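The values are calculated or read from the model by the stated rules, or taken from the named source; none is laboratory data. Note that this is a predicted model, so its numbers are computed, not measured. Neighbour counts are summed over all protein chains in view; Cβ atoms, including those assigned to glycine, are modelled from backbone coordinates with ideal geometry.
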Amino acid sequence: MSALARAPQPLRVRQAVAWALALALGAAVFQLANWSWTALPRVSPLEELAYYPSGQHVRPATLGHEETAADLAWIRAIQYYGQHRRTDNRFDHLYHVFDILTTLAPGFESAYVFGAFALAQEGRNFPFAEALMLKGLDRNPRSGRLAFELGFLYYVKPNGRDLGRAAEYFELAALLPGRRDVARRFAAFCRQNSGSPAVAYALWQQVRETSPNAYLRELAEREMARIHDAMAAGRNDLVRSRLSTPVVLLRESAPAGQGTKRNAP
Amino acid sequence: MNVTLIARSTYLEAIRDRVLAGVIAAGVALLLVTLIARPLAMGEGTRVTIDLGLSSITFLGLLVVLMVGTSLVAKEIERRTIFNLLSRPIARPVYLVGKWAGLSAALWTVAAVLGLALWTLLAALGHAGAALSIAEAVYLAGLELTVVTSIAVMFSALSTPVLSSLYTLGLFVVGQWSDDLRRFAADAPAGMRGLFEACANLVPNLSLFNMRSLAASGEATSVLHLGVATGYALLYCACMMALAAAAFESRDFK
């Protein structure tokens, strides 16, 4: 009897035992993993952002892979934004993160735009948003997109539009490659409302002469007529529109940098 | 008893290997490099030192697992020393468990030495108070390496060293993303949610062993966390060993 007990088991039995054990243990591991996810507090990896080195120093550390590092930083920045958007709506390190990112990749236009609008609208930090966009324009002086977006940032500036500066950058955008038509229209609208009807007239005229869009040309003619009449009557106030409070919302599910909803003039 | 003997010989073999000495030297060098990186850290030099020191334990340990662990069984087959062992009354699962235990012990040694080096450096910088959080983080890193070793031994019993390394590395990477998988599952469409959650439960939950961020801010974790992590590591390793045994039993050595 004892000899039988000590005899080696057949291969199939040993394998069946091993598989049964593996399955039972696997099920236990599965349950434990599931339970621990709900029961244990998780350490937020975003804490690490607090000690991101400065972009100036991190650039040499990437050993020639600045863009790759910037892409990783971009993913991290989006995670940071998303995490805080869902939880506490505090964006203490947002400027720092985007500053590093744009130092690593100075031509990364989406990073400037997204970072600036997130900072201004949700981070409630307009000076940092402005600084980020100005940095972008400084590094990319030929970018019509950045000039336009900076104009738009001034146009929707929380607690009061800055139409003068908005018009200045829309005009710049109109001279650069990119969205020239729209930039001219925005510039004209800003000038008109900031009290420069003569400049607005000239800008609308440019729109009428250069736009391939018939509706836009029609709008330009209408506005030119209004400005002309107002100037002839010496009543500049007649051409000013009543501007509503600027609102820029970032849609819940919109991908980063693409979610700006604008109240265009 | 046989398990202890095999584990002991595996441990001694790993300790004598130059790879281990090299790894410890690299870990210490990396700690010293953090001294240079301190001024770049915007006043958070201590955090960077702790974080990099703890990361180096995991990554260098992983390197040992990939270089030594994945060829543990294959090397024995190649040298034909496995015949001497398996011709004796040693069950194949016992042999595998012995190999895993021996290499795990070597990795615990690496983790302990590097953890001690990290604490010594911090003490020299005037931050000796972080001892508890570092000890806990090193303990969890040791558990993590033990789990990865079990995966490596399982693949080593099944496949070639190169493929074992790739599979082990793949599972390590996916294991690091297990929490992200769950977050992704929460946002996924209803039909896919269950699938993602199941995947997150099946891959090694290595996020459970990560308290680097916590340690970097000088905080300690809960006893519950340490207990769950220990239990999880033991269960996962046992599961991997059972799978390895199931596959290894039918392997025919020529």
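Odds and ends about this structure:
- Conditions (1) more than 15 Å from the chain's Cα centre (by Cα); (2) surrounded by fewer than 23 Cβ atoms within 10 Å (Cβ to Cβ): number failed by B:V203: (1)
- Residues in the range B:159-207 that are within 14 Å of chain A (Cβ to nearest Cβ), modelled with pLDDT of 85 or more and under 29 Å from B:F248 (Cα atoms): B:L171, B:V174, B:G175, B:A198, B:C199, B:A200, B:N201, B:L202, B:V203, B:P204, B:N205, B:L206.
- The one condition in (1) among the small types (G, A, S); (2) within 14 Å of chain A (Cβ to nearest Cβ); (3) farther than 18 Å from B:A215 by Cα that B:A137 fails to fulfil: (3)
- Total residues in the range B:65-92, condition within 15 Å of B:A7 (Cβ to Cβ), out of contact with any Asp or Glu (no Cβ under 8 Å at 6 or more places or on another chain), in contact (Cβ under 8 Å) with a residue 40 or more places away in the chain and not in a loop (DSSP other than H, G, I, E, B): 3
- Residue in the range B:232-243 that is surrounded by the fewest Cβ atoms within 10 Å (Cβ to Cβ), counting only those that are of a type in the set (A, V, I, L, M) and closer than 16 Å to A:W35 by Cβ: B:L234
- Whichever residue in the range B:215-231 is surrounded by 21 or more Cβ atoms within 10 Å (Cβ to Cβ) and touching a residue at least 60 places away in the same chain (Cβ under 8 Å) and, among such residues, is nearest to B:L62 (Cα to Cα): B:A229
- Checking A:L49, A:L23 one by one, the residue that is more than 7 Å from chain B (Cβ to nearest Cβ), modelled with pLDDT of 80 or more and more than 28 Å from B:V223 (Cβ to Cβ) is A:L23 and no other.
- Looking only at residues in the range A:157-195 that are touching a Phe, Trp or Tyr at 6+ places or on another chain (Cβ under 6 Å) and within 15 Å of A:S143 (Cβ to Cβ), the one that is surrounded by the most Cβ atoms within 10 Å (Cβ to Cβ) is A:F170.
- Residue that is surrounded by 20 or more Cβ atoms within 10 Å (Cβ to Cβ), assigned to a helix (DSSP H, G or I) and touching a helix residue (DSSP H, G or I) at 6+ places or on another chain (Cβ under 8 Å), where the choices are B:S104, B:S55: B:S104
- Any hit, the range B:71-89, residues being more than 15 Å from B:A117 (Cβ to Cβ), out of contact with any helix residue (DSSP H, G or I) (no Cβ under 8 Å at 6 or more places or on another chain) and of a type in the set (A, V, I, L, M): yes
- Odd one out for A:F108 among (1) at pLDDT below 80; (2) within 23 Å of A:R142 (Cα to Cα); (3) of a type in the set (A, V, I, L, M, F, W, C); (4) within 13 Å of the chain's Cα centre (by Cα): (1)
- Which numbered condition B:A246 misses (of (1) buried (at least 19 other Cβ atoms within 10 Å of the Cβ); (2) more than 7 Å from chain A (Cβ to nearest Cβ)): (2)
- Annotation: B:S178 fulfils all but one of (1) crowded, with 20+ Cβ neighbours inside 10 Å; (2) under 14 Å from the mean Cα position of the chain (by Cα); the unmet one is (2).
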